[in-house]
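A.B. asks: Dropping a structure here in structure tokens format, bear with me for questions.
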Amino acid sequence: MKKILICTALIGIAKLGIAQETIEVPYTKAPEVTWEGDSKEYFSEVWQTQVVTNVSLPTMEVFRPEKPNGTAVIVAPGGGLYALSIHSEGNDVAKWLNTKGITAFVLRYRLVPTGEDGVMEITNEAATNPARIGERVAPVMPHSVADGLSAVSYLRENAKSFNIDPGKIGFMGFSAGGAVTMGVAYNYTENDRPDFLVPVYAWTTAMPVQEAPKNAPPMLLVCASDDPLGLATGSIELYNSWLKDGKTVGLHMYAKGGHGFGMKKQDLPSDTWIARFYEWAITEGITEPMTTN
């Protein structure tokens, strides 16, 4: 019996290890930004969720489905560029995508250098000196976007080892991660062009809407009209920028949902946004439907 229990435990650890496979994303140093200490992961009492802060070295955590269909999604959690809501807008998203055969990569892109509690820092600044947030975000954002572009090119170059299609690599980002998503959309080259984009309540004040690129990837936007940060307007503007140029684009604007809903359950229609993404992805030929066999 003891041997059986040990074997069972080892199998469980092995399975857990698959979900914890980590990739170091190639990057160029940021001499104008100084980080002190390593990144931190903790439960934020302010946001009531698990967060990661003070990221100076970009990485991706790999989530492999049991039956991969070739589609890959890079997931960029949000958090004002001061933190990453690593579960609700990261790992939980990746696990859901896995159930549909999609291989997911949760990106820990570079963040604003912070101390012991980055969430408390942005909360205090929002209350006392909101302009300070923009000042601290500005020098870091280009490097966060560069991390996103590097993640795309890395997966395309190593597609075979991840059992993914190099022509089906998408980028999905939430809030500040949505700003990174749009930075990727506006700055890609042939090698690091994402094949589809999913900005979820994107922080368009940090990454203002521009003209759609000539060969813009298909895009699906998700937001809520009652977003307290006023991001619904930016999502509509972004949608229109793709639409007026005849690019493939969809929009799910929920009446209620607020900001930062991610994979949280609020008993609202916005709870099922990710299922709407999956339906859109099938319709556009971005992914293959799961077989029942």
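The values are calculated or read from the model by the stated rules, or taken from the named source; none is laboratory data. Since the model is a prediction, treat every value here as computed from it, not as a measurement. All Cβ positions, glycine included, derive from the backbone under ideal geometry; neighbour counts span all protein chains shown. Surface accessibility is based on the protein's heavy atoms, side chains included, excluding ligands, DNA and RNA. Shrake-Rupley method; radii C 1.70, N 1.55, O 1.52, S 1.80 Å.
A.B. asks: Specify which of the listed residues (Leu84, Leu97) is part of a strand (DSSP E or B) and at pLDDT 95 or above. Give the derivation first.
C.D. replies: Values: Leu97 fails: part of a strand (DSSP E or B).
Just a single option satisfies the conditions, and that option is Leu84.
A.B. asks: Kindly evaluate Gly250 against the criterion of being among the small types (Gly, Ala, Ser) and on the phi > 0 side of the Ramachandran plot.
C.D. replies: Details: among the small types (Gly, Ala, Ser): yes; on the phi > 0 side of the Ramachandran plot: no.
For Gly250, the condition - among the small types (Gly, Ala, Ser) and on the phi > 0 side of the Ramachandran plot - is not met.
Yes or no, residue by residue, for (1) crowded, with 24+ Cβ neighbours inside 10 Å; (2) among the hydroxyl-bearing types (Ser, Thr, Tyr):
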position: Ser56; (1), (2): no, yes
position: Arg64; (1), (2): no, no
position: Lys67; (1), (2): no, no
position: Val106; (1), (2): yes, no
position: Gly115; (1), (2): no, no
position: Gly118; (1), (2): yes, no
position: Ile133; (1), (2): no, no
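A.B. asks: Suppose we filter segment 260-271 for residues that are out of contact with any helix residue (DSSP H, G or I) (no Cβ under 8 Å at 6 or more places or on another chain) and on the phi > 0 side of the Ramachandran plot; how many remain? Steps first, please.
C.D. replies: Keep residues of segment 260-271 that are out of contact with any helix residue (DSSP H, G or I) (no Cβ under 8 Å at 6 or more places or on another chain), which gives 266-271.
Keeping just the survivors that are on the phi > 0 side of the Ramachandran plot gives 267.
Selection size over segment 260-271: 1.
A.B. asks: Can you tell me which residue among Gly79, Gly101 is among the small types (Gly, Ala, Ser) and under 21 Å from Ser175 (Cβ atoms)? Spell out the reasoning first.
C.D. replies: Values: Gly101 fails: under 21 Å from Ser175 (Cβ atoms).
Only one candidate passes the filter, namely Gly79.
A.B. asks: Ile274 fails exactly one of the following numbered conditions: (1) out of contact with any helix residue (DSSP H, G or I) (no Cβ under 8 Å at 6 or more places or on another chain); (2) at pLDDT 95 or above. What is the number of that condition?
C.D. replies: (1)
A.B. asks: Taking the condition modelled with pLDDT of 95 or more, open to solvent by 40 Å² or more (accessible area, probe 1.4 Å) and not in a loop (DSSP other than H, G, I, E, B), does Glu237 pass? I'd like the intermediate steps shown before the answer.
C.D. replies: Working: modelled with pLDDT of 95 or more: yes; open to solvent by 40 Å² or more (accessible area, probe 1.4 Å): yes; not in a loop (DSSP other than H, G, I, E, B): yes.
Answer is yes for this residue.
A.B. asks: Tell me whether segment 244-262 contains one or more residues that are touching a strand residue (DSSP E or B) at 6+ places or on another chain (Cβ under 6 Å) and of a type in the set (Ser, Thr, Tyr).
C.D. replies: yes
A.B. asks: Right, something else. So, in segment 248-262, of the ones that are part of a loop (DSSP other than H, G, I, E, B) and among the small types (Gly, Ala, Ser), which residue ends up surrounded by the fewest Cβ atoms within 10 Å (Cβ to Cβ)?
C.D. replies: From segment 248-262, those part of a loop (DSSP other than H, G, I, E, B) are 248, 255-262; that's our starting set.
With among the small types (Gly, Ala, Ser) added as a condition, the list becomes 255, 257-258, 260, 262.
Working: Ala255: 10, Gly257: 24, Gly258: 16, Gly260: 21, Gly262: 22.
Result: Ala255.
For (1) free of Cβ contacts under 8 Å to residues at least 60 places away in the same chain; (2) farther than 16 Å from Val198 by Cβ, each residue gets a yes or a no:
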{"position": "Phe105", "(1), (2)": "no, no"}
{"position": "Arg110", "(1), (2)": "no, yes"}
{"position": "Glu116", "(1), (2)": "no, yes"}
{"position": "Asn124", "(1), (2)": "yes, yes"}
{"position": "Pro139", "(1), (2)": "no, yes"}
{"position": "Leu149", "(1), (2)": "yes, yes"}
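A.B. asks: OK, next. When the residues of segment 231-257 are filtered to those that are touching a helix residue (DSSP H, G or I) at 6+ places or on another chain (Cβ under 8 Å) and β-branched (Val, Ile, Thr), which remaining residue is farthest from Thr204 (Cα to Cα)?
C.D. replies: Among those residues, the one meeting the criterion is Thr248.
A.B. asks: Still on this model: Answer yes if at least one residue in segment 169-176 is part of a loop (DSSP other than H, G, I, E, B) and either open to solvent by less than 50 Å² (accessible area, probe 1.4 Å) or touching a strand residue (DSSP E or B) at 6+ places or on another chain (Cβ under 8 Å) (or both), and no otherwise. First the steps, then the outcome.
C.D. replies: First, pick out the residues of segment 169-176 that are part of a loop (DSSP other than H, G, I, E, B): 175.
When the remaining residues are screened for being either open to solvent by less than 50 Å² (accessible area, probe 1.4 Å) or touching a strand residue (DSSP E or B) at 6+ places or on another chain (Cβ under 8 Å) (or both), the result is 175.
There is at least one residue in segment 169-176 that is part of a loop (DSSP other than H, G, I, E, B) and either open to solvent by less than 50 Å² (accessible area, probe 1.4 Å) or touching a strand residue (DSSP E or B) at 6+ places or on another chain (Cβ under 8 Å) (or both).
A.B. asks: For Gly90, which of the numbered conditions (1) assigned to a strand (DSSP E or B); (2) open to solvent by less than 10 Å² (accessible area, probe 1.4 Å) fails to hold?
C.D. replies: So Gly90 meets the others, but not (1).
A.B. asks: Take segment 135-168 and flag every residue that is among the hydrophobic types (A, V, I, L, M, F, W, C), outside any loop (DSSP other than H, G, I, E, B) and open to solvent by less than 30 Å² (accessible area, probe 1.4 Å).
C.D. replies: First pass over segment 135-168, keeping only residues among the hydrophobic types (A, V, I, L, M, F, W, C): 137-138, 140-141, 145-146, 149, 151-152, 155, 159, 162, 164.
So of that shortlist, the ones also outside any loop (DSSP other than H, G, I, E, B) come out as 137, 141, 145-146, 149, 151-152, 155, 159, 162.
Across segment 135-168, the qualifying residues are Val137, Met141, Val145, Leu149, Ala151, Val152, Leu155, Ala159, Phe162.
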